[in-house]
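Colleague: Could you have a look at this structure, given as C-alpha cells, before my questions?
The values are calculated or read from the model by the stated rules, or taken from the named source; none is laboratory data. Keep in mind that what you see is a predicted model, and the values were worked out from it rather than measured. Heads up, the Cβs are rebuilt from the backbone with ideal geometry, glycines too, and the neighbour counts pull from every protein chain shown. Note: areas computed on protein heavy atoms with side chains; ligands, DNA, RNA excluded. Shrake-Rupley method; radii C 1.70, N 1.55, O 1.52, S 1.80 Å.
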Amino acid sequence: MELRERRLAQIVRDFMEAFVLARTLGEDLRAGRLSFQTVTRLVGDAEDSALYRLKEECHALFRLDVSRPRTEVQAEELFDLAVGALFHETMKFREGFYLTDRYGPRLQRMMAEGSATGPLAEAFWRVVEAGRRRMLESEVEAAVLFRETRDQLLIVLRQLDVSGSVARSLVEDPARAELVFDLPLGRLLADIHGSAASGYQLAIDSLIENGHYAEAAAVLEHPDARAAGISDGAIDFARGMASYYAGDSFAAVESLARWVESRVNAPARWRQSAAKVLGALAASVELTDAKLAKHASALAGELSAARAR
C-alpha cells in the first residue's frame with residue numbers, strides 16, 4: 001500500500017506539472033512566443049516529458065492492478081483513459097506545431113523567392129495550413145480535457161484511504177496546487193481528507209518521517225497551516241532537526257530545547273530522533289563549546305529518560 005501511495009503521489013505531481021505547462025503553452029501560443037522546447041517539456045516520447053511520465057505511471061498503477069474488483073477501480077480506469085487521450089491529443093498538437101513552426105516559414109520564404117513553385121509547393125502549403133488548423137483545434141480540445149481530467153483526479157483522490165504521500169504532494173507547492181485545482185489549499189485538503197487539519201497533519205508526518213525537516217518547517221510556517229491548528233510544538237522539532245542537518249548547532253539546540261520544554265505529546269520516533277541528534281551534536285561541539293554541549297547532552301538525556309518511562 002505504501003508503494004502504491006507514493007506512486008499515486010507522483011502521478012499527482014506530474015499531472016500538476018503537465019496542467020501548468022499546458023496552460024503556459026496556450027498562453028505562449030496566443031502571444032506568438034511559443035517555443036518547441038516548451039512543447040517537448042509537456043509532451044514527447046521520453047521521460048523528460050511530463051505527459052509521457054504521467055501516461056506511463058497511470059498505465060503501470062491502474063491497468064496492472066488486478067488485485068481489486070473492477071467496481072472499485074472504475075474512477076481510476078476513467079482517469080487513466082483520459083490521461084492517455086491527453087497524451088495523444090497533445091502529440092497531435094506537437095506534430096502540427098513542428099510542421100507550422102519549422103517547415104512553414106521556410107516554405108513561405110522559398111515561395112516568395114520563386115524557388116518553390118508549382119503543384120508540389122501548393123500541395124505542401126495545403127499540408128502546412130492543415131497542420132496549423134489541427135494544432136489550434138488540439139490546443140482547445142486538450143485545454144478542456146485537462147480541466148475535466150483534473151476533476152476526475154479529485155474523484156480518485158477522495159476515494160483513497162488516508163495517504164500522507166498524496167497530502168505531501170499537494171502542500172509542497174501550495175501555489176501550484178491552488179492554480180491547478182482552482183481552490184485554496186485548505187479547502188482542497190478538506191475536500192480530499194475531510195478537514196484541512198487532517199490533510200496538513202498527514203503531509204507533515206510524511207515529510208518528517210522521510211527526513212524532510214526543512215520542508216516540514218516551511219509548511220508549518222504557512223498561515224493556512226497555522227490557522228488549521230496543526231503546528232503545536234512540531235514546528236520547533238522540524239526547525240531544530242533542519243538546523244542540525246544544515247550545520248547550525250546553536251539553532252538546533254535552541255529549537256529542540258523549546259520543543260522539549262513544551263512537553264508536547266510527540267511520537268516516540270520523533271523523541272528518539274531528537275535524542276540521537278542531540279547526543280551526536282553534544283559530542284561534536286564538546287571541545288569548542290562546552291556550554292552548548294552540556295545543554296544538548298542534558299536535553300538528550302531528558303528525552304531518553306522520557307522514552308524509558
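Colleague: If I ask for residues that are under 20 Å from the mean Cα position of the chain (by Cα), open to solvent by 60 Å² or more (accessible area, probe 1.4 Å) and among the polar types (S, T, N, Q), which ones from region 1-49 would you list?
Modeller: Answer for region 1-49, where residues must be under 20 Å from the mean Cα position of the chain (by Cα), open to solvent by 60 Å² or more (accessible area, probe 1.4 Å) and among the polar types (S, T, N, Q): just 10.
Residue by residue, here is whether (1) buried (at least 20 other Cβ atoms within 10 Å of the Cβ); (2) at pLDDT 90 or above; (3) not aliphatic (A, V, I, L, M) holds:
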| position | (1), (2), (3) |
| --- | --- |
| 180 | yes, yes, no |
| 187 | no, yes, yes |
| 214 | no, yes, no |
| 247 | no, yes, yes |
| 254 | no, yes, yes |
| 261 | no, no, yes |
| 294 | no, yes, yes |
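Colleague: Identify, please: which residue in region 132-147 is within 18 Å of residue 38 (Cβ to Cβ) and not aliphatic (A, V, I, L, M) and is, among those, surrounded by the fewest Cβ atoms within 10 Å (Cβ to Cβ)?
Modeller: Narrowing region 132-147 to residues within 18 Å of residue 38 (Cβ to Cβ): 132, 135-136, 138-140, 142-143, 146.
So of that shortlist, the ones also not aliphatic (A, V, I, L, M) come out as 132, 138-139, 146.
Values: 132: 16, 138: 20, 139: 21, 146: 20.
Among residues in region 132-147 that are within 18 Å of residue 38 (Cβ to Cβ) and not aliphatic (A, V, I, L, M), the one surrounded by the fewest Cβ atoms within 10 Å (Cβ to Cβ) is 132.
Colleague: Go through (1) modelled with pLDDT under 90; (2) closer than 18 Å to residue 11 by Cα; (3) open to solvent by 20 Å² or more (accessible area, probe 1.4 Å) one by one and return the number of the condition residue 113 breaks.
Modeller: Only one criterion is unmet by residue 113, namely (2).
Colleague: If you don't mind, another one. Pairs please, first residue from region 247-273 and farther than 22 Å from residue 290 by Cα, second anywhere and open to solvent by 40 Å² or more (accessible area, probe 1.4 Å), Cβ atoms under 6 Å, 6+ apart in sequence or on different chains.
Modeller: From residues that are farther than 22 Å from residue 290 by Cα, the pairs are 271/307.
Colleague: Is it fair to say residue 240 is under 29 Å from residue 282 (Cα atoms) and assigned to a loop (DSSP other than H, G, I, E, B)?
Modeller: no
Colleague: Here's a follow-up. Could you please find all residues in region 263-277 being surrounded by 13 or more Cβ atoms within 10 Å (Cβ to Cβ) and either farther than 22 Å from residue 206 by Cα or of a type in the set (Lys, Arg) (or both)?
Modeller: Passing the criteria: 271, 276.
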